[in-house]
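Contents: one structure, followed by commentary.
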Amino acid sequence: MVVPNFYEKKVNLLVKNTDYDFCYMRSSYNGGAITNILQDKNLNLVLEVNKPLSMGPFNNKDTLDWPEDRRLVKVPVAEIKQYDAATLITVDSTLRANWITEFVDSNYHEKMIVNYNGVNTKMFQPSLSKNDILDEFMLADDDILVGMASSFRWYNDIDELCKIYSKALAQIGNLKFLFIVGNKEKELELQIKTNEYSLKDSTIILYQVPFSQMPSTLNSCDILVSHFNFHGKWPHNCSIKHLEYLSMGKATIATNVGEVNFAITDGVDGFLCEQGNIDDFVDKIVELAKKPELRKKLGKAARQKAEKELDWSLNVQNILNHLNQNSSSSVTHKIL
């Protein structure tokens, strides 16, 4: 087979001169072929499950409902093969962990941990520098820039977000709104919607900002937003962006739904608004726009939390700690 041969060459090249203890791999449909190679190399597998393969058919707007009948869920052979081969399974939310134990096999809970998303706090850190790309938009010194970086999928509800911004702008005339988007179709949709809601003159849309420029772009904002509305569907994901916002030391307003914006403690290191509560979002934007000291207070607490609790290195250490619990002694692991 072509795929196994391709991966075999890659794995052989990687392990040729280094004595690895285990391989860290994200679950995929091709992962089943890799597990055979890892077993031949006597490499333990740490399997990251970003989204269970069997969840795929239930993971879009029209079908995003928790199945009432277990028989409705078809589990691919590749998914089972990877779970069986794994020494440790790591998932990013309890919801996805529950999917595996309820619809695949309850026995997997014995080797599964929930490892929430993390952030590179050394890359995403407060700075005086701002993204020069914003210079062309001629922001005034007293403008308050409200930013959101997102894929702007259906559950980010662009219409509702524009309603929030429109109502906030009616109260605070010097608000400006920054949308950071990576999809061309979504950029066009944002242009249409912001024009429809009379936000065009107060809106900046940046398309495909290089990842290396994301910290300086976020740093240019006074307030950051992580907005979601699943409209009764189950909130299946965890936002990485809100972690970057906290790490940047910025006042953040986020939707309180599921574990999507799990890292924010309301009123301590950010604000949480109930899903669909437009007026609550508006009130929080207006409050932060009027109170720079509150923005600074929340931002400072957010940065402290990010450094202490949310850095990616802690995720890695959590994995190593669980591996060491299953070994006879504490060792330093080499990771493929």
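The values are calculated or read from the model by the stated rules, or taken from the named source; none is laboratory data. Since we're looking at a predicted model, the values are computed, not measured. Quick reminder, even Gly has a Cβ in these numbers, built from the backbone with ideal geometry, and neighbours come from all protein chains shown. Surface areas here come from the heavy atoms of the whole protein model, side chains and all, with no ligands, DNA or RNA. Shrake-Rupley method; radii C 1.70, N 1.55, O 1.52, S 1.80 Å.
Could you point to the residue in N261, N321, F103 farthest towards the positive end of the chain's charge dipole, with +1 and -1 charges on the Cβ of Lys/Arg and Asp/Glu respectively?
Checking the options against the dipole of the chain, the answer is N321.
Against the longest principal axis of the chain, how steep is helix 2-15, in degrees 0 to 90 to the nearest 10, with axes from Cα atoms?
The angle comes out at about 90 degrees.
Per residue, how many Å² of accessible area does segment 1-116 show with a 1.4 Å probe?
55
Considering only C-alpha atoms, what is the centroid distance from segment 274-300 to segment 45-111, in Å?
37
How far, in degrees from 0 to 90, does helix 184-196 lean away from the longest principal axis of the Cα atoms of the chain, to the nearest 10?
Between the helix axis and the principal axis of the chain, the angle is about 30 degrees.
Using θ = phi - 60° and the Karplus relation 6.51 cos²θ - 1.76 cosθ + 1.60, list the HN-Hα couplings for segment 278-284 in order, rounded to whole Hz, with x at every Gly or Pro.
So the Karplus estimates, Gly and Pro as x, are 4, 5, 5, 4, 4, 4, 6 Hz.
Rounded to the nearest 10 Å², what accessible area does E48 have for a 1.4 Å probe in the complete protein model?
40
Using amide H atoms built 1.01 Å from N in the peptide plane, name the residues 5+ places from E48, or on other chains, whose amide H lies under 5 Å from its own.
M25, R26, S27, T90
Treating only the Cβ atoms of Lys and Arg (+1) and Asp and Glu (-1) as charged, compute the dipole magnitude of the chain about its Cα centre; round to the nearest 20 debye.
For this selection, approximately 680 debye.
Projecting each Cα onto the charge dipole of the chain (Lys/Arg +1, Asp/Glu -1 at the beta carbon, about the Cα centre), which of L199, I80, C238 comes out farthest on the positive side?
Sorting the options by dipole projection puts first I80.
Among the lysines, select those whose C-alpha is under 27 Å from the C-alpha of K233, and discard any that sit fewer than 8 residues away in the same chain.
Reachable lysines: K51, K61, K74, K163, K167, K184, K186, K193, K241, K284.
What residues have an amide H closer than 5 Å to that of G270, excluding those fewer than 5 places away on the same chain, when H is modeled at 1.01 Å from N in the peptide plane?
The list, which skips near neighbours in sequence, is T265.
Need one value: the accessible area of Y83 in square angstrom, 1.4 angstrom probe, rounded to the nearest 10.
Per-residue accessible area (Y83): approximately 0 Å².
Could you tell me which residue out of Q304, L45, M123 lies farthest along the dipole of the chain toward its positive end? Charges go on the beta carbon: Lys and Arg +1, Asp and Glu -1, centred on the Cα centre.
L45
Where only protein heavy atoms count, and the probe is 1.4 Å, what is the accessible area per residue for segment 204-336 in Å²?
Here the per-residue accessible area is 43 Å².
What are the residues whose amide H is under 5 Å from the amide H of L145, where those residues sit 5 or more places off or on another chain and H is modelled from the backbone?
HN-HN under 5 Å from L145: K176, D222, I223.
Assign unit charges at the C-beta atoms only (+1 for Lys and Arg, -1 for Asp and Glu), then state the dipole size of segment 1-102 relative to its Cα centre in Debye, rounded to the nearest 20.
So the magnitude is around 300 debye.
Quick one: ranking V104, V114 by accessible area, 1.4 Å probe, largest first, what do you get?
V114, V104
Rounded to the nearest 20 debye, what is the charge dipole size of segment 197-336 about its Cα centre when +1 sits on each Lys and Arg Cβ and -1 on each Asp and Glu Cβ?
So the dipole magnitude of segment 197-336 works out to roughly 360 debye.
Show me, for segment 288-305, the HN-Hα J-couplings you get by feeding each phi into the Karplus relation (A = 6.51, B = -1.76, C = 1.60, θ = phi - 60°), rounded to Hz, glycine and proline as x.
Taking θ as phi minus 60°, the curve returns 5, 5, 7, 10, x, 5, 5, 4, 5, 5, 5, x, 5, 5, 5, 5, 4, 5 Hz for segment 288-305.
Percent of accessible area on segment 196-336 owned by carbon and sulfur, 1.4 Å probe?
48
If one takes the longest principal axis of the Cα atoms in the chain, at what angle in degrees, from 0 to 90 and to the nearest 10, does the Cα axis of helix 158-171 lie?
30
Give me the distance in nm between label points sitting 7 Å out from Cα along the Cα-to-Cβ direction at V316 and A170, one decimal.
5.0
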